[in-house]
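First comes the structure, then the notes that go with it.
Just so you know, all these numbers are worked out from the coordinates, no wet-lab data involved. Because the structure is predicted, anything quoted here is derived from the model rather than measured. No Cβ is skipped: glycine too gets one built from the backbone with ideal geometry, and neighbour counts run over all protein chains shown.
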Amino acid sequence: MTPAERQIIVLKLDHRPERDKRLTTHVGLTARAFGASGFWTSGLKDLNISETIHQVSDQWGNQGFEVLTGINWRSSIRKWKEEKGEVIHLTMYGLHVDNVIPQIRSSPRPKLIVVGGPKVPFEVFKLADFNVAIGHQPHSEVAALSIFLDRLLEGQGLHLKFPDTTFEIEPTPHGKRVKESK
């Protein structure tokens, strides 16, 4: 199944605009670039995050990428499960990604990938269908998400070509080359 054929939403818990602006934006951009179909945040509503990610999507493709901020994580996770989606919580306390990724990958169910916040409520661990560790050491939510999506999509996320882009990278061994594609 290609990334475009899957519904994958990333939920970042407890966004705090005054402290988390860059980190939350990077989680959302990683979700977009690596093949997710949307990005949600719980905590305070922050239109700056939506605007930034939509600007990137407009210029670099994936204009259909959904961004919602300020949602209620508990009701969103419960509704996701009621609608037969599965919930994958990325946490250093879970089962190692290598041990569970085949089972997660083989399921055609829509996926809600939950990444942490300052203090993840224990209820998230209980609601998750899978608590998945990308190693068992403290690390970045961005790193965990990128590794998980890469494993889930078997490297396809690294080769995505988005339609309707304004800019496109021309790979080069030295320097930077960006071409306009419209």
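Here are the numbers for this structure:
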{"item": "Cα-centre dipole for the chain with unit charges at Cβ (Lys and Arg positive, Asp and Glu negative), debye to 20", "result": "240"}
{"item": "Contact order normalised by residue count of the chain, Cα under 8 Å, 6+ apart, percent", "result": "27"}
{"item": "Å³ per residue enclosed by the Cα convex hull of the chain", "result": "127"}
{"item": "Mean shadow area of the range 1-71 over all directions, Cα convex hull, nm²", "result": "4.2"}
{"item": "Ranked by how many other beta carbons lie within 10 Å on average, peptides 75-86, 39-50, 149-160 from highest", "result": "39-50, 149-160, 75-86"}
{"item": "In the chain, lysine pairs with alpha-carbon atoms under 18 angstrom apart (chain gap of 8 or more, or interchain)", "result": "18"}
{"item": "The range 116-182 - Debye-derived log10 I(q)/I(0), Cα point model, q = 0.19, 0.22, 0.24, 0.29 Å⁻¹", "result": "-0.92, -1.04, -1.13, -1.27"}
